[in-house]
């Protein structure tokens, strides 16, 4: 008989889904993660493309976890190697990344989020949806979770994360932000007015008109900054425009 991979207790899974959005969710998640892999802290967030992450759950055996979560969202998010893993992942797919303290290049990030609480690494599981992502991170003081497919601890955390991400998704189902609706309307107007533009050219042009930087657009579309500049220039050349302001008469008509 084939060996069964680690499974999550169905009662625990049901409780996680039922308590999503409450402090009980974090307590249940940390308790389960401690049992299977000695996890010391959990931090979960969702992020809309081009925006800062928003914390969904933060709980720890160590103090100041809310402060670390705030620093991460406001100062360190773009320096996290996990962001690069998310950008490389297509919509509708999951991703996993193990980040060790020594891999963090930004000194303050490494000191505040790893060295001060004495975390050796974090194992992150995420799901990239259309225009957004949810990430669930498990921090350990002694490290060793690793990325090996035959690690019982890693496999058990993966099973736990799968249910956890499902529960967290219930918190993030909401109407688009006002800014997001503006971009959607601009894309629709560009599609009607300039049908010769490709999808990428239209996406980049809409965000340029909305005042987004090339860096923010690259993050939102999961492409390189240089690609944003290329698509922008192609759109201008295709329409005989010299800049984003040339779109305005047609957009405002």
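The values are calculated or read from the model by the stated rules, or taken from the named source; none is laboratory data. None of the values given here were measured: they were computed from a predicted structure. Note: ideal-geometry Cβ built from the backbone for every residue, glycine included; neighbour counts use all protein chains shown.
Selection within the range 119-143: residues that are more than 25 Å from residue 169 (Cα to Cα) and touching a residue at least 40 places away in the same chain (Cβ under 8 Å). The member of this set that is nearest to the chain's Cα centre (by Cα) is 119.
The number of residues in the range 27-50 being in contact with a strand residue (DSSP E or B) (Cβ under 6 Å, 6 or more places away or on another chain) and either at pLDDT 90 or above or not assigned by TED's automatic domain parsing to the domain that holds residue 62 (or both) comes to 12. The combined condition, being over 21 Å from residue 28 (Cβ atoms), surrounded by 14 or more Cβ atoms within 10 Å (Cβ to Cβ) and not assigned by TED's automatic domain parsing to the domain that holds residue 213, is not fulfilled by residue 62.
Against the list (1) surrounded by fewer than 14 Cβ atoms within 10 Å (Cβ to Cβ); (2) at pLDDT below 90; (3) within 21 Å of the chain's Cα centre (by Cα), the condition residue 87 fails is (1). Within the range 13-33, the set of residues being within 17 Å of residue 155 (Cα to Cα) and in contact (Cβ under 8 Å) with a residue 24 or more places away in the chain comprises 13, 29, 30, 32, 33. Within the range 15-30, the set of residues being in a helix (DSSP H, G or I) and surrounded by 13 or more Cβ atoms within 10 Å (Cβ to Cβ) comprises 15, 16, 17, 18, 24, 25, 26, 27, 28, 29, 30.
Working only within the range 105-129, note down all residues that are in a strand (DSSP E or B) and surrounded by fewer than 18 Cβ atoms within 10 Å (Cβ to Cβ). Even if it seems obvious, please write down each step before you answer.
Going residue by residue through the range 105-129, those that are in a strand (DSSP E or B) are 121-129.
Once the filter is applied, which keeps residues that are in a strand (DSSP E or B) and surrounded by fewer than 18 Cβ atoms within 10 Å (Cβ to Cβ), the range 105-129 yields only 129.
Are any of the residues in the range 169-185 at pLDDT 90 or above and surrounded by fewer than 17 Cβ atoms within 10 Å (Cβ to Cβ)? Checked the range 169-185: no residue is at pLDDT 90 or above and surrounded by fewer than 17 Cβ atoms within 10 Å (Cβ to Cβ). Of the candidates 219, 150, the single residue that is modelled with pLDDT under 85 and within 15 Å of the chain's Cα centre (by Cα) is 219. Of all residues assigned to the range 93-104, at least one qualifies as being surrounded by 14 or more Cβ atoms within 10 Å (Cβ to Cβ), assigned by TED's automatic domain parsing to the domain that holds residue 140, more than 18 Å from the chain's Cα centre (by Cα) and assigned to a helix (DSSP H, G or I).
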